[in-house]
Amino acid sequence: MRYLYIKILLIIISCNNKVEPILPYYNTANFEPIFIKDQNIVENKIDHKISDFKFFNQDNEEITESDISGKIHVANFIFTSCINICPSMTENMKIINNNFKNNPKVMILSYSVMPWIDDTNKLKKFKDFNKIKSSNWHFLTGKKDEIYSLARNSYFVEEELGFNRDSSDFLHTEHFILVDQNKRLRGIYNGTLKLEAKQVIDDINLLLEYENWDNI
């Protein structure tokens with residue numbers, strides 16, 4: 001599979017000679033990077049955001065789009081019985097989680113792509129089995145068509161396919177998606193690679209560092 005995550009940080013030299021790295025925005029399913037410094041331009045040009053949603057986590061708590069508002073989050077799509085890419089994805093997400101588990105400004109959302117099997121009880125057992133104690137990492141379940149629609153139309157996790165796959169087709173992807181405080185896409189990564197997980201950490205730190213700046 002061709003990965004379109006681009007690890008290029010545009011470097012802008014400001015008038016005080018401070019180096020300011022900027023993460024790209026992604027506005028379409030082909031993940032073409034868009035580098036913008038001026039937030040006024042962002043508001044006019046970057047119209048894609050994570051859509052409204054409502055699912056339940058491993059503790060049977062309702063999680064909606066309001067829970068991610070104003071927070072950075074990383075999303076991935078798994079199922080508890082997966083024995084190929086999911087275990088490595090979970091281990092690499094743990095690396096990310098260990099860096100931000102005490103930071104209320106960062107969340108992790110792991111959506112089940114087999115919600116008809118992965119109910120809240122099974123997700124609770126999965127989280128406990130993997131010794132994940134962070135309250136900021138939610139394993140989510142709900143209606144299949146709603147999860148698949150959110151994955152493909154909001155997170156663009158199958159970016160090579162865009163919107164062409166039918167919602168009934170099984171969803172299986174190794175991608176981690178980074179979303180900023182304004183629900184805009186800022187990064188796509190191969191979740192099976194430890195190096196990519198470390199890149200996610202760097203990019204989250206960048207968003208946190210510049211969250212009150214115009215140039216994130």
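Throughout, read-outs are computed from the coordinates displayed, never taken from laboratory work. Please read all numbers here as calculations on a predicted model, not as lab measurements. So basically every Cβ, Gly included, is an ideal-geometry build from the backbone, and we count neighbours across all protein chains shown.
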Antiparallel bridges, percent of DSSP beta bridges restricted to the range 10-209 (to nearest 5): 65 percent
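With a/c under 1.5 counting as rounded, go ahead and sort the range 50-154 into rounded, prolate or oblate using the C-alpha gyration tensor (a ≥ b ≥ c being the square roots of the eigenvalues; past the cut-off, prolate if a/b is larger than b/c, else oblate).
Numbers: a/c = 1.42, a/b = 1.02, b/c = 1.39.
The shape class here is rounded.
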With 10 Å bins from 0: P(r) over the range 43-82, alpha-carbon pairs, percent: 19, 51, 23, 7, 1
Segments 103-109, 60-66 sorted - mean Cβ within 10 Å per residue, highest first: 103-109, 60-66
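So which of Lys127/Lys194; Lys54/Lys131; Lys105/Lys198; Lys71/Lys133; Lys45/Lys127; Lys143/Lys198 end up more than 30 Å apart, counting from Cα to Cα? Could the numbers behind the result be given before it?
Values: Lys127/Lys194 20 Å; Lys54/Lys131 26 Å; Lys105/Lys198 18 Å; Lys71/Lys133 19 Å; Lys45/Lys127 39 Å; Lys143/Lys198 32 Å.
Violating the 30 Å Cα-Cα cut-off are Lys45/Lys127; Lys143/Lys198.
Please compute the length gained on full extension between Asp67 and Lys133, using 0.36 nm multiplied by the number of residues separating them and subtracting their Cα-Cα distance.
Details: separation 66, 0.36 × 66 = 23.76 nm, distance 1.87 nm.
The span from Asp67 to Lys133 would gain 21.9 nm if fully extended.
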Rg/Rg_globular for the range 10-209, with Rg_globular taken as 2.2 N^0.38 Å and Rg from C-alpha atoms: 1.01
Tail weight of P(r) past 11 Å, computed on alpha-carbon pairs of the range 24-68, percent: 73 percent
Relative contact order (%) - criterion: Cα under 8 Å, at least six apart; region: the range 10-209: 28 percent
